[in-house]
Amino acid sequence: MNGLVIKNTGSWVIVRAENGKDIPCKVKGNFRLKGLRTTNPVAIGDRITLNVNSDGSAFITAIEPRKNYIIRRASNLSKESHILAANIDRAFLIATLAHPATSTTFIDRFLATAEAYRVPATLVINKTDLLNDSDSHELLDAVTYLYSSIGYPVLHTSTITGEGIEALNAELKGKISLLAGHSGVGKSSIINSIIPQANTRTAEISDVHDTGMHTTTFSEAYELPESGWIIDTPGIKGFGTIEMNRDEVGHYFPEIFATAENCRYGNCTHTHEPGCAVLEALGNHHIAQSRYNSYLSILDDTNPDKYRKPF
């Protein structure tokens with residue numbers, strides 16, 4: 001029997017079987033992804049084969065080849081990785097500019113990873129109802145311009161005012177979509193606005209640290225009323241990149257990749273070389289300093305000595 005993985009609690013994997021039933025399964029064998037040590041070899045969105053035994057127990061026996069996936073480093077001190085979701089039509093990064101504030105470094109790392117694994121990405125700036133002064137509006141305009149000028153779709157949403165929710169819903173229909181972001185950015189509220197019967201838990205923001213509390217403890221896919229799925233993931237504190245080659249990092253920043261065609265040297269790292277078109281564009285403010293800083297931070301991730309060995 002074939003099916004789609006729609007929930008992973010750590011102990012059980014829930015599969016929506018081809019007959020429409022949700023079946024709790026265990027994982028049989030030791031699945032690996034290109035030899036990577038992963039915390040979850042079976043991911044939400046995987047298309048799998050399962051066997052149901054006479055006693056009712058079920059086991060996943062095979063995973064179909066993935067068309068793509070989003071992966072991140074499991075922790076800052078590990079070479080272990082965690083697959084957020086597989087076989088995604090589009091990834092929506094939910095970000096907020098206040099209460100809590102999402103850093104451009106986090107946004108850039110997520111977008112670069114989406115580029116690396118061929119997942120189209122959209123930036124969703126949520127909680128726009130909190131941006132109620134001129135400085136906040138200027139920040140919203142600046143962040144929107146930064147990413148839209150690179151080529152990323154940017155949506156503004158608020159579950160309080162309803163801004164952008166219909167537009168987001170239209171983008172989700174008929175697709176398997178990943179919603180990711182820090183805790184507290186409003187992923188659960190967005191899902192409840194689009195799928196009221198989902199009834200996902202929400203929580204207040206910490207007054208002390210202005211950060212969100214984890215309300216989603218495991219990844220789960222919610223079926224949309226018409227067609228499609230939303231994959232909700234636990235809030236991500238940091239986004240460590242993994243499995244990127246040093247000489248390819250610039251490929252995952254569209255504006256750096258396009259500009260690099262004019263570099264004097266084909267193997268330019270865009271850090272010190274003479275005749276570097278990227279450094280020239282940076283000096284002329286044609287490439288944002290924040291984006292370049294994010295590029296450098298991912299270059300640093302490729303340093304083999306940065307993370308401890310897995311054993």
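The values are calculated or read from the model by the stated rules, or taken from the named source; none is laboratory data. Note that the structure is predicted; figures quoted are calculated from it, not measured. Note: ideal-geometry Cβ built from the backbone for every residue, glycine included; neighbour counts use all protein chains shown. Remember, those area values only see protein heavy atoms, side chains included, never the ligands or the DNA or RNA. Shrake-Rupley method; radii C 1.70, N 1.55, O 1.52, S 1.80 Å.
Any chance you could count how many residues in the range 124-149 are of a type in the set (A, V, I, L, M, F, W, C) and closer than 22 Å to Leu282 by Cβ?
Taking the range 124-149 as the starting set, the residues that turn out to be of a type in the set (A, V, I, L, M, F, W, C) are 124-125, 130-131, 139-140, 142-143, 146.
Pick out the ones that are also closer than 22 Å to Leu282 by Cβ and you get 139, 142-143, 146.
The total comes to 4.
Test of understanding: among Ala114, Ala95, which residue is touching a residue at least 60 places away in the same chain (Cβ under 8 Å), out of contact with any Lys or Arg (no Cβ under 6 Å at 6 or more places or on another chain) and not aromatic (Phe, Trp, Tyr)?
Sole residue among the options that is touching a residue at least 60 places away in the same chain (Cβ under 8 Å), out of contact with any Lys or Arg (no Cβ under 6 Å at 6 or more places or on another chain) and not aromatic (Phe, Trp, Tyr): Ala95.
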Which listed residue, of Lys67, Lys79, is at pLDDT below 90, surrounded by 14 or more Cβ atoms within 10 Å (Cβ to Cβ) and part of a loop (DSSP other than H, G, I, E, B) = Lys79
task = Would you please name the residue that is nearest to the chain's Cα centre (by Cα), looking only at residues in the range 257-270 that are part of a loop (DSSP other than H, G, I, E, B) and more than 12 Å from Asp247 (Cβ to Cβ)?
result = Cys263
task = Run Ile190 past the list (1) touching a strand residue (DSSP E or B) at 6+ places or on another chain (Cβ under 6 Å); (2) surrounded by 18 or more Cβ atoms within 10 Å (Cβ to Cβ); (3) under 20 Å from Lys7 (Cα atoms) and report the number of the one that doesn't hold.
result = (1)
ask   = If Ser103 satisfies every condition in (1) buried (at least 18 other Cβ atoms within 10 Å of the Cβ); (2) without any contact (Cβ under 8 Å) to a residue 60 or more places away in the chain but one, which is the exception?
value = (1)
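Run down Ile165, Ile88 and say which single residue is open to solvent by less than 60 Å² (accessible area, probe 1.4 Å), within 24 Å of Gly45 (Cβ to Cβ), free of Cβ contacts under 8 Å to residues at least 60 places away in the same chain and β-branched (Val, Ile, Thr). Full working, then the answer.
Working: Ile88 fails: free of Cβ contacts under 8 Å to residues at least 60 places away in the same chain.
From the options Ile165, Ile88, the qualifying one is Ile165.
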ask   = Leu140 passes all but one of (1) among the hydrophobic types (A, V, I, L, M, F, W, C); (2) over 12 Å from Leu97 (Cβ atoms); (3) out of contact with any Gly (no Cβ under 6 Å at 6 or more places or on another chain); which number fails?
value = (2)
remark   = Over the range 198-235, the set of residues open to solvent by 20 Å² or more (accessible area, probe 1.4 Å), at pLDDT 50 or above and in contact with a strand residue (DSSP E or B) (Cβ under 9 Å, 6 or more places away or on another chain) is Ala198, Phe218, Glu220, Tyr222, Glu223, Trp229, Pro234
query = When you look at Ser294, is it open to solvent by less than 60 Å² (accessible area, probe 1.4 Å), more than 17 Å from the chain's Cα centre (by Cα) and in contact (Cβ under 8 Å) with a residue 60 or more places away in the chain, yes or no?
reply = no
remark   = Within the range 273-302, restricting to residues that are part of a helix (DSSP H, G or I) and acidic (Asp, Glu), the one that is modelled with the highest pLDDT is Glu280
